[in-house]
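Novice: Dumping the structure here so I can ask a few things about it.
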Amino acid sequence: MTGVDETLSTFSAPARVAAPDEGISDDELRLAARNHGMPLEVLAEEVTPVGLHYVLVHYDIPILDPGAWRLEVGGHVERPLVLDMATLLGRPQATATVTLECAGNGRALLRPRPVSQPWLDEAVGTARWTGTPLAPLLAEAGIRDGAVDVVFTGADHGIERGVEQDYQRALPVAEACRPDVLVAHAMNGRPLPLQHGAPARLVVPGWYGMAHVKWLTRITVLDEPFTGFQNAVAYRIAQDAGEAGEPVTRILPRALLRPPGFPDFQSRTRFVDRGVHAIEGRAWSGHAEILRVEVSTDGGSTWDDAALGPAADRYAWRRWHWTWDAATPGPHVLCARATDAAGNTQPLDQRWNRQAMANNHVQRVTVVVR
Ligand SMILES: Nc1nc2c(c(=O)[nH]1)N[C@H]1C(S)=C(S)[C@@H](COP(=O)(O)O)O[C@H]1N2
Ligand SMILES: [Mo]
């Protein structure tokens, strides 16, 4: 990591919390126009079609030539390795259905609003990722005694809060050596698209999005804790700017419902006719399996249990459904709330943190019954 450069930091936006009545800024709008969420009606699909999966890119999308691409494995290892695409494809392959969610999901709804990518609730998607398991690759390189963290470097480069950097994130050695962590080269059965990390990315099932390093070019084993920006400064849960806080790791439970009926173009308010409606959605947690989903039609005052669909892959979302007898005309606020086997659930009032990380507030969808 390069240190703070005075010239660069002059033009690099600092971390900021919006004033109480401040609308979305041009900077936030520009980010929202580059990055995008998953349209919630696509919750109907178990596997999110490529192009509708959410996208988050800190800097620019690097356009890499798969033929020239190399992945270096080095640092605190016995035998540094260099792989090309043919070697990667020739190794043992695994496919897993995994739900990814950005750690900043829900940020724009937090008050006061931390200024960054202004997600509502849609920074999520589920894909079938194919690649080679990372653990045997690390074993082949031979992790030496005293290893602490494994750093994953992407080919993208930029500046963030005055710090120029390649996008880099580290995992503790034990997490990197989990058997289900993949160096993935395919998404939904096709080569990775540019925006999702072509030609190869990391997939760390259960962890928030920032850990799944795209455009992966280097894996470096360290014998000390990684102090790079994305681990030490960004992706922390803290109240104050100077505070170290806690690292963001696994995904907290969340349920989303597929908004019923049809929308108003601008407000996205929904309309349904009086009568019985099938309500469905998906729920996930990176900590433990989903045990319960509840639904409310009065903004969270009263709750009813939804039925759970078949158990999915451990780190994929699980379908749920519920029947709504919409008898009373007028506006209703529909909510869904997930609870996992570790007892984690979703708050109605989200606790605030300075970067709006790991929010999992209950979704609210206004539906007008006619
Ligand atoms: N190299 C690189 N990897 C990255 C990022 C990035 O900006 N650069 N963004 C991270 C973040 S914050 C998220 S939420 C996920 C988003 O993955 P997706 O765009 O494939 O949905 O990628 C992660 N991996
Ligand atoms: Mo993210």
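Novice: Filter segment 18-39 down to the residues that are open to solvent by less than 40 Å² (accessible area, probe 1.4 Å) and either aromatic (F, W, Y) or more than 16 Å from ligand 1 (Cβ to nearest atom) (or both) and list them by number.
Specialist: The answer is A18, S25.
Novice: Given the condition in contact with a helix residue (DSSP H, G or I) (Cβ under 9 Å, 6 or more places away or on another chain) and open to solvent by 10 Å² or more (accessible area, probe 1.4 Å), answer yes or no: does some residue in segment 341-351 qualify?
Specialist: So far as segment 341-351 goes, yes, one or more of its residues are in contact with a helix residue (DSSP H, G or I) (Cβ under 9 Å, 6 or more places away or on another chain) and open to solvent by 10 Å² or more (accessible area, probe 1.4 Å).
Novice: Kindly list the number of the only condition in (1) open to solvent by 50 Å² or more (accessible area, probe 1.4 Å); (2) touching a residue at least 60 places away in the same chain (Cβ under 8 Å) that fails for T87.
Specialist: For T87, the failing item is (2).
Novice: Which number in (1) in contact with an Asp or Glu (Cβ under 6 Å, 6 or more places away or on another chain); (2) without any contact (Cβ under 8 Å) to a residue 12 or more places away in the chain marks the one condition that T97 misses?
Specialist: Answer for T97: the failing condition is (2).
Novice: Also, quick follow-up: With the checklist (1) on the phi > 0 side of the Ramachandran plot; (2) surrounded by fewer than 19 Cβ atoms within 10 Å (Cβ to Cβ); (3) in the same structural domain as G75 (by TED's automatic domain parsing) in hand, flag the one item P225 doesn't pass.
Specialist: (1)
Novice: Condition first: out of contact with any helix residue (DSSP H, G or I) (no Cβ under 9 Å at 6 or more places or on another chain) and not in a strand (DSSP E or B). Now tell me which residues in segment 256-267 satisfy that.
Specialist: Matches in segment 256-267: P260, G261, D264, F265, Q266, S267.
Novice: Is it the case that some residue within segment 184-207 is assigned by TED's automatic domain parsing to the domain that holds E41, closer than 22 Å to Q350 by Cβ and within 16 Å of ligand 1 (Cβ to nearest atom)?
Specialist: yes
Novice: Right, next: Taking R190 as the residue in question, decide whether it is basic (K, R) and modelled with pLDDT of 95 or more.
Specialist: yes
Novice: S9: out of contact with any strand residue (DSSP E or B) (no Cβ under 7 Å at 6 or more places or on another chain) and surrounded by 14 or more Cβ atoms within 10 Å (Cβ to Cβ), yes or no?
Specialist: yes
Novice: T95 versus (1) among the polar types (S, T, N, Q); (2) in contact with a Cys (Cβ under 8 Å, 6 or more places away or on another chain); (3) open to solvent by 60 Å² or more (accessible area, probe 1.4 Å): which is the lone unmet condition?
Specialist: Exception for T95: condition (2).
Novice: Moving to a separate point now. Among (1) at pLDDT 95 or above; (2) more than 26 Å from Q363 (Cα to Cα); (3) not in a helix (DSSP H, G or I), there is one condition D240 misses while meeting the rest; what is its number?
Specialist: Tallying (1) at pLDDT 95 or above; (2) more than 26 Å from Q363 (Cα to Cα); (3) not in a helix (DSSP H, G or I), D240 fails exactly one: (1).
Novice: To continue, here is another question. Given (1) crowded, with 18+ Cβ neighbours inside 10 Å; (2) of a type outside the set (G, A, S); (3) farther than 28 Å from A316 by Cα, identify the lone condition not met by L71.
Specialist: The single condition L71 does not satisfy is (3).
Novice: Filter segment 266-308 down to the residues that are small (G, A, S), surrounded by 17 or more Cβ atoms within 10 Å (Cβ to Cβ) and closer than 30 Å to V181 by Cβ and list them by number.
Specialist: Those that are small (G, A, S), surrounded by 17 or more Cβ atoms within 10 Å (Cβ to Cβ) and closer than 30 Å to V181 by Cβ: G281, A283, S285, G286.
Novice: OK, next. Among the numbered criteria (1) in a loop (DSSP other than H, G, I, E, B); (2) open to solvent by 30 Å² or more (accessible area, probe 1.4 Å); (3) in contact (Cβ under 8 Å) with a residue 12 or more places away in the chain, which one does P199 miss?
Specialist: (2)
Novice: Another question about this same structure. Kindly list the number of the only condition in (1) without any contact (Cβ under 8 Å) to a residue 60 or more places away in the chain; (2) touching a helix residue (DSSP H, G or I) at 6+ places or on another chain (Cβ under 8 Å); (3) within 16 Å of ligand 1 (Cβ to nearest atom) that fails for G67.
Specialist: Unmet for G67, out of (1) without any contact (Cβ under 8 Å) to a residue 60 or more places away in the chain; (2) touching a helix residue (DSSP H, G or I) at 6+ places or on another chain (Cβ under 8 Å); (3) within 16 Å of ligand 1 (Cβ to nearest atom): (3).
Novice: Report yes if some residue within segment 61-78 is assigned to a strand (DSSP E or B) and under 18 Å from the mean Cα position of the chain (by Cα); otherwise report no.
Specialist: For segment 61-78, residues assigned to a strand (DSSP E or B) and under 18 Å from the mean Cα position of the chain (by Cα): absent.
Novice: Restricting to segment 115-159, name every residue that is open to solvent by 30 Å² or more (accessible area, probe 1.4 Å), of a type outside the set (S, T, N, Q) and within 30 Å of D21 (Cα to Cα).
Specialist: V115, L120, E122, I159
The values are calculated or read from the model by the stated rules, or taken from the named source; none is laboratory data. Quick caveat: nothing in here was measured; it's all calculated off a predicted structure. All Cβ positions, even for glycine, are placed from backbone atoms using ideal geometry, and neighbour counts span all protein chains on display. Quick note on the areas: whole protein, heavy atoms, side chains included, nothing else; ligands and nucleic acids left out. Shrake-Rupley method; radii C 1.70, N 1.55, O 1.52, S 1.80 Å.
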